[in-house]
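Visitor: Here you go, one structure.
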């Protein structure tokens, strides 16, 4: 099973030929377009309250078959879903409808990246109590799932019927201070190539705002990556890149489409590979630390215009 945020992402997977079950973690509206989309593409919607239920019932009658749903309960995230006792009422109602089949129940953890968190332990306990109550009412709950990446690492007691790794699929840990209990390696590398090289004199102002002036004559390389690609402007005058295994500083303000790199007295030709992050020593987590964010944001910010090449036993795709 794959999980996506919204209908649109599910449709993209179907368009790409993915036939696995697809769960929508976000909520659908009761619009005809949304209902037709989940039925026609065999997507699994999340039900967090009764708002979309009647529309799904009507959709099942229109399409001539019941629809599988997962029910979200809120045990402490404070986002989607109602408290377990109110979710139980929803499940009783859903169980009474022949047009809807409960295929799963889940919740989400806000602090599972903190080892030994009593809050996460409390959430697990509340969910187990809730699922036991559901079973006592002879309601089929389907698969129960709680564990996000943090809980996969820190809370094996939360595994239930399946787990939901997110950032771990990128080979990254949710937080840098987490114990390295799993042998994972970064799966994403962002690379480009030098597009232009020139020598500049000492104290020459570079890029917007002229925020960088080299303290000596230097060779400056321009690479075709900028914040429109998802390479954050917050990395200006802060980040480093790797060229031929050597670190070089990003200098000046990162532009929409281009970034400058100070090569010092080194020389590389146009077309030389430049790694912005990858398996190491500069990873997405390293880049995140430079701009005061989390690796999730670094990996998710890569824009659609950045070509993707899938390596290994897969095919290349842009």
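The values are calculated or read from the model by the stated rules, or taken from the named source; none is laboratory data. These figures come from a predicted structure and were not determined experimentally. Positions of Cβ are generated from backbone atoms using ideal geometry, with glycine treated the same way; all protein chains shown enter the neighbour counts.
Visitor: Of the residues 12, 58, only one is surrounded by fewer than 18 Cβ atoms within 10 Å (Cβ to Cβ) and touching a helix residue (DSSP H, G or I) at 6+ places or on another chain (Cβ under 8 Å); which?
Guide: That would be 58, the only listed residue that is surrounded by fewer than 18 Cβ atoms within 10 Å (Cβ to Cβ) and touching a helix residue (DSSP H, G or I) at 6+ places or on another chain (Cβ under 8 Å).
Visitor: Another question about this same structure. Give the residues of the range 283-296 that are touching a residue at least 24 places away in the same chain (Cβ under 8 Å) and part of a helix (DSSP H, G or I), sorted by residue number.
Guide: Across the range 283-296, the qualifying residues are 284, 285, 287, 289, 290, 295, 296.
Visitor: Hey, among the residues in the range 127-171 that are surrounded by 20 or more Cβ atoms within 10 Å (Cβ to Cβ) and within 23 Å of residue 287 (Cα to Cα), which one's farthest from the chain's Cα centre (by Cα)?
Guide: By that ranking, first place goes to 153.
Visitor: Being outside any loop (DSSP other than H, G, I, E, B) and either touching a strand residue (DSSP E or B) at 6+ places or on another chain (Cβ under 8 Å) or surrounded by fewer than 20 Cβ atoms within 10 Å (Cβ to Cβ) (or both): is that true of residue 191 here?
Guide: yes
Visitor: How about the range 212-233: which of its residues are over 26 Å from residue 283 (Cα atoms) and part of a loop (DSSP other than H, G, I, E, B)?
Guide: Scanning the range 212-233 gives 213, 214, 215, 216, 217.
Visitor: Here is a check on your reading of the model: is residue 312 assigned to a loop (DSSP other than H, G, I, E, B), modelled with pLDDT under 95 and in the same structural domain as residue 227 (by TED's automatic domain parsing)?
Guide: no
Visitor: Pick from 174, 179: which is buried (at least 17 other Cβ atoms within 10 Å of the Cβ), closer than 30 Å to residue 116 by Cβ, modelled with pLDDT under 95 and not assigned by TED's automatic domain parsing to the domain that holds residue 291?
Guide: Only one candidate passes the filter, namely 174.
Visitor: Can you tell me how many residues within the range 19-36 are part of a helix (DSSP H, G or I) and surrounded by fewer than 18 Cβ atoms within 10 Å (Cβ to Cβ)?
Guide: Number satisfying all stated conditions: 3.
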